[in-house]
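The block underneath contains the structure these notes are about, expressed in C-alpha cells.
The values are calculated or read from the model by the stated rules, or taken from the named source; none is laboratory data. All values reported here derive from a predicted model rather than from experimental measurement. So basically every Cβ, Gly included, is an ideal-geometry build from the backbone, and we count neighbours across all protein chains shown.
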Amino acid sequence: MLMPVLMAPTPPSMCTPLRTLDDSLSHRRRYMKHNFPINYTVRVHHEEVFKLSNISKMKLRMDNLEELHLQRMWFLVNHSVLKRIIRVMPDRHPSRPYTTELERRLQDAEGVFVQSHPPEVFQQELPGAIQDIWDCLTEESDKVPESSWRFASPKSLLDNFCHTMHCLFRECFATTETQQDQSDSFHCQKGRKKALRAES
C-alpha cells in the first residue's frame, strides 16, 4: 500500500508573493500567445513540461514523497522554463519585459519560501526519483540527449506554471469549496477545470 503524500500547509508569508505572481500570470494569454507567431514553440527539456498530471503520478507512485519536495521542484522547473522563453526573445520583443518581471516575481516568492523553512529542510536528501529529475534539469544543455527535448508553446508552459502553483500552494488560493473539503484528493483537477473554463 502506498503511503499518502505528506501535506504541509503553505506558510502564510508565501501568499502575498504567490498572489502577486498569480496576478502577473493572469495576463499570459496576451503576452505568450498574441505576441508570438501562430503555432510557435520553444524547445524545452521533457521534465520542464510540468503538468498537474505529473503531480498526480508522482503522488501515486512515490513513497516518502512530501509536498515540500514537489514545491521545491516547482520552483526549479519554472525558473528554467522562464529562462528558456527569455532566451529565444530578441531584446526588443514586446513580451520580454513581462517575462523578465515574471522571473523576478518568481525569485521573490522563492526567497520567501526559503526563509519560511528551517535551513536543514533544504539539506535533506530528495527522494530518488525527484533527485533524478533535479539532476536532469540542472545538467548542461549540450549534455542532454536529443530524445529528452520536446517542443511546447510559451502559453502552454505558463498555463502549467499557473495550474501547478494553484495545486501545490492551494492554501493561498483557497475558495470556499476547497476550504470545506481539504481532503478531496481531486481538488487540483477541479482547479484545473475551473482555470480552463475561465480562459476559454
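Given (1) farther than 20 Å from residue 26 by Cβ; (2) out of contact with any Leu (no Cβ under 8 Å at 6 or more places or on another chain); (3) part of a loop (DSSP other than H, G, I, E, B), where does residue 117 come up short, assuming only one miss?
Residue 117 satisfies every listed condition except (2).
Of all residues in region 91-135, which are within 19 Å of residue 67 (Cβ to Cβ) and among the aliphatic types (A, V, I, L, M)?
Within region 91-135, 106, 109, 112, 114, 121, 126, 129, 130, 133 qualify.
Working carefully through the options 51, 83, 33, find the one that is over 17 Å from the mean Cα position of the chain (by Cα) and under 16 Å from residue 152 (Cα atoms). Walk me through how you get there before you give the answer.
Values: 51 fails: over 17 Å from the mean Cα position of the chain (by Cα); 83 fails: over 17 Å from the mean Cα position of the chain (by Cα).
Only one candidate qualifies: 33.
Considering 159, 135, 91, which residue is assigned to a loop (DSSP other than H, G, I, E, B) and at negative phi? Walk me through how you get there before you give the answer.
Values: 159 fails: assigned to a loop (DSSP other than H, G, I, E, B); 135 fails: assigned to a loop (DSSP other than H, G, I, E, B).
After ruling out the rest, the residue left standing is 91.
Could you check how many residues of region 33-55 are assigned to a helix (DSSP H, G or I), of a type outside the set (D, E, K, R), surrounded by fewer than 20 Cβ atoms within 10 Å (Cβ to Cβ) and touching a helix residue (DSSP H, G or I) at 6+ places or on another chain (Cβ under 7 Å)? Step through it out loud before you land on a result.
Step one: filter region 33-55 for residues assigned to a helix (DSSP H, G or I), giving 33-34, 46-48, 52-55.
Within this subset, residues satisfying the condition of being of a type outside the set (D, E, K, R) are 34, 46, 52-55.
Then drop every residue that is not surrounded by fewer than 20 Cβ atoms within 10 Å (Cβ to Cβ), which leaves 34, 46, 52-54.
Filter once more, so that each one left must be touching a helix residue (DSSP H, G or I) at 6+ places or on another chain (Cβ under 7 Å): 46, 52.
Qualifying residue count, region 33-55: 2.
Quick one: what pairs do we get from region 67-93, first residue surrounded by 21 or more Cβ atoms within 10 Å (Cβ to Cβ), second of a type in the set (Phe, Trp, Tyr), C-beta under 6 Å, 6+ apart or different chains?
Note: pairs meeting the criteria are 77/50; 78/161.
Could you list, ordered by first residue, the pairs with Cβ atoms under 8 Å in which the first is in region 114-129 and on the phi < 0 side of the Ramachandran plot and the second is among the aliphatic types (A, V, I, L, M), at least 6 apart or interchain?
Final answer for the pair search is 116/14; 117/68; 121/68; 122/114; 127/62; 127/65; 129/58; 129/62.
Restricting to region 138-154, and then to whatever is of a type in the set (Asp, Glu) and either closer than 24 Å to residue 17 by Cβ or not in a helix (DSSP H, G or I) (or both), can you tell me which residue is modelled with the highest pLDDT? Break it down stepwise before answering.
Residues of region 138-154 of a type in the set (Asp, Glu): 139-140, 142, 146.
Now narrow it down to the ones that are either closer than 24 Å to residue 17 by Cβ or not in a helix (DSSP H, G or I) (or both): 139-140.
On the way: 139: 74, 140: 71.
In this case the residue turns out to be 139.
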